[in-house]
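Asker: Below is the structure I would like to discuss, written out as structure tokens.
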Amino acid sequence: MVSFEDDDEKIINSVISVLDAGREKYTFQEINLKRELHHNGIVIGLERREVIKNNKKIGLTYTEFEILQFLAQNPGRVFSKEQIYDVVWKEPYVGDYNIVMSHISHIREKIEDDPAHPVYIQTVWGVGYKFNGRANAE
């Protein structure tokens, strides 16, 4: 025999589940509303998929843009090469992560004033990479 307490608990759990799903959807929509990221003279246009620095458009490949966008949307957070690969390529990688390093090197050559001393994408030795959250984010 089912008690009323069991029914009440099921209803409460169902309502909580719906509210959690709504909260996740709202958070996702809120993130998507941001159309541009501004960092220390660089503008990353998320909808147009373009990067502007000093009023000049910088040409990035699809993958370079994906990496830059991912890091810039999470300023200050350190990601391993594995994490970057999993997110950008949308699959787990079981090989050499030099491909991530190579793409980051190409991005730095395009967006940094001095790629040997990067301001935007910084290496955290032994861990991975981060987007400099203190690059005067606007």
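The values are calculated or read from the model by the stated rules, or taken from the named source; none is laboratory data. Since we're looking at a predicted model, the values are computed, not measured. Cβ sites come from the backbone with ideal geometry, for glycine too, and all protein chains shown count toward neighbours. Accessible surface areas use protein heavy atoms only, side chains included; no ligands, DNA or RNA. Shrake-Rupley method; radii C 1.70, N 1.55, O 1.52, S 1.80 Å.
Asker: Take residues that are among the β-branched types (Val, Ile, Thr) and closer than 20 Å to Arg35 by Cβ and tell me which of the strands (runs of 3 or more DSSP E) falling wholly in segment 50-138 contain 2 or more. Can you show your working first?
Answerer: On the way: elements: 50-53, 56-58, 121-124, 128-131.
Once the strands (runs of 3 or more DSSP E) in segment 50-138 are filtered for at least 2 residues that are among the β-branched types (Val, Ile, Thr) and closer than 20 Å to Arg35 by Cβ, what remains is 50-53.
Asker: Six or more apart or on different chains, Cβ under 7 Å: which pairs go from a residue in segment 101-115 that's in contact (Cβ under 8 Å) with a residue 24 or more places away in the chain and aliphatic (A, V, I, L, M) to one that's in a helix (DSSP H, G or I) and buried (at least 16 other Cβ atoms within 10 Å of the Cβ)? Could you list them?
Answerer: Matching pairs, first to second residue: Ile104/Ile67; Ile107/Glu64; Ile107/Ile67; Ile107/Leu68.
Asker: If you don't mind, there's one more thing I want to ask. Could you check segment 116-132 and list, in sequence order, the residues that are surrounded by 14 or more Cβ atoms within 10 Å (Cβ to Cβ), of a type outside the set (S, T, N, Q) and either closer than 13 Å to Val78 by Cβ or without any contact (Cβ under 8 Å) to a residue 24 or more places away in the chain (or both)? I'd like the intermediate steps shown before the answer.
Answerer: So the first thing to find is which residues in segment 116-132 are surrounded by 14 or more Cβ atoms within 10 Å (Cβ to Cβ), and the list is 118-123, 128-132.
This time we only want the ones that are of a type outside the set (S, T, N, Q), so: 118-121, 128-131.
Pro118, Ile121, Gly128, Tyr129, Lys130, Phe131 - these are the residues of segment 116-132 that are surrounded by 14 or more Cβ atoms within 10 Å (Cβ to Cβ), of a type outside the set (S, T, N, Q) and either closer than 13 Å to Val78 by Cβ or without any contact (Cβ under 8 Å) to a residue 24 or more places away in the chain (or both).
Asker: So, in segment 103-113, exactly how many residues are open to solvent by 40 Å² or more (accessible area, probe 1.4 Å) and either modelled with pLDDT under 95 or of a type in the set (Lys, Arg) (or both)?
Answerer: Residues in segment 103-113 being open to solvent by 40 Å² or more (accessible area, probe 1.4 Å) and either modelled with pLDDT under 95 or of a type in the set (Lys, Arg) (or both): 2 in total.
Asker: Go through the residues of segment 32-54 one by one and say whether even a single one is at pLDDT below 60 and surrounded by 10 or more Cβ atoms within 10 Å (Cβ to Cβ).
Answerer: Yes: one or more hits.
Asker: Inspect segment 83-96 for any residue being within 17 Å of Gly41 (Cα to Cα), charged (D, E, K, R) and open to solvent by 50 Å² or more (accessible area, probe 1.4 Å) and give the result as yes or no. Spell out how you get there, then give the answer.
Answerer: At the first step, the residues of segment 83-96 found to be within 17 Å of Gly41 (Cα to Cα) are none.
No; the residues of segment 83-96 include none that is within 17 Å of Gly41 (Cα to Cα), charged (D, E, K, R) and open to solvent by 50 Å² or more (accessible area, probe 1.4 Å).
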